Amino acid sequence: MDNTRQVTNFSQEVTSATQETLSVYVDDREYMNVDYYVLPISILTGSSDTPINKLGYVCEPKAFDFPIVITTGDQNRIIYLGKTGMFEVTPETFLDINNKKAEEIICIPQITQIKVPKGIPGESNIKFKLDYTFTIN
């Protein structure tokens, strides 16, 4: 069974999270120092053994150029949002419908940490929503 949750820039999980400053490439032209909230699964799911398997992120327009950082396993993946300011990852099933003997492949994200931008030091904080699900037994 999946448990669905949402946190925003106002949520206690976020405001009490560890922060770090990352140098990120912004607007296809320059590097900027941006403060990030570091959200491990222990904060988001309540367990360091329960990864996130579905994730949605949306932010206000001033943050469209700031990437989010998703950790799966031991690999950090920098995700740039583009013009929409939205990102989503969800389990996917792949099957070759032209081959009846084809193997069904199921890809389930195993997200263990998310870094979301807080903003540029000295400016107002970025507003965002982070929706996610994780499996509970």
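The values are calculated or read from the model by the stated rules, or taken from the named source; none is laboratory data. Note that the structure is predicted; figures quoted are calculated from it, not measured. Using ideal geometry, Cβ is built from the backbone for each residue, glycine included, and neighbour counts are taken over all protein chains shown.
Considering region 69-88, the residues that are among the β-branched types (Val, Ile, Thr) and assigned to a strand (DSSP E or B) include one that is surrounded by the most Cβ atoms within 10 Å (Cβ to Cβ), namely Ile70.
Given the residues Asp2, Asp49, which is the only one that is touching a residue at least 40 places away in the same chain (Cβ under 8 Å) and exposed (fewer than 15 other Cβ atoms within 10 Å of the Cβ)?
When all the criteria are applied, what remains is Asp2.
Does Glu13 satisfy the criteria of being at pLDDT 90 or above, acidic (Asp, Glu) and either part of a loop (DSSP other than H, G, I, E, B) or closer than 26 Å to Ser124 by Cα (or both)? Spelling it out, Glu13 is indeed at pLDDT 90 or above, acidic (Asp, Glu) and either part of a loop (DSSP other than H, G, I, E, B) or closer than 26 Å to Ser124 by Cα (or both).
The single condition among (1) surrounded by fewer than 16 Cβ atoms within 10 Å (Cβ to Cβ); (2) touching a residue at least 24 places away in the same chain (Cβ under 8 Å) that Lys101 does not meet is (2).
Among the numbered conditions (1) in contact (Cβ under 8 Å) with a residue 40 or more places away in the chain; (2) touching a Pro at 6+ places or on another chain (Cβ under 9 Å), the only one that Leu39 does not meet is (2).
Results for (1) more than 20 Å from Val7 (Cα to Cα); (2) in contact (Cβ under 8 Å) with a residue 60 or more places away in the chain; (3) under 10 Å from the mean Cα position of the chain (by Cα), shown as yes or no for each residue.
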position: Gly56; (1), (2), (3): no, yes, yes
position: Ile108; (1), (2), (3): yes, no, no
position: Thr112; (1), (2), (3): no, yes, yes
position: Phe134; (1), (2), (3): no, yes, no
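Checked against the criterion of being part of a helix (DSSP H, G or I) and closer than 19 Å to Asp35 by Cα, the candidates Lys62, Lys115 yield just one match: Lys62.
Considering each residue of region 17-34 in turn, at least one proves to be surrounded by 14 or more Cβ atoms within 10 Å (Cβ to Cβ), outside any strand (DSSP E or B) and not charged (D, E, K, R).
Tell me which residues, restricted to region 26-36, are without any contact (Cβ under 8 Å) to a residue 40 or more places away in the chain and either under 15 Å from Arg77 (Cα atoms) or hydroxyl-bearing (Ser, Thr, Tyr) (or both).
Tyr31
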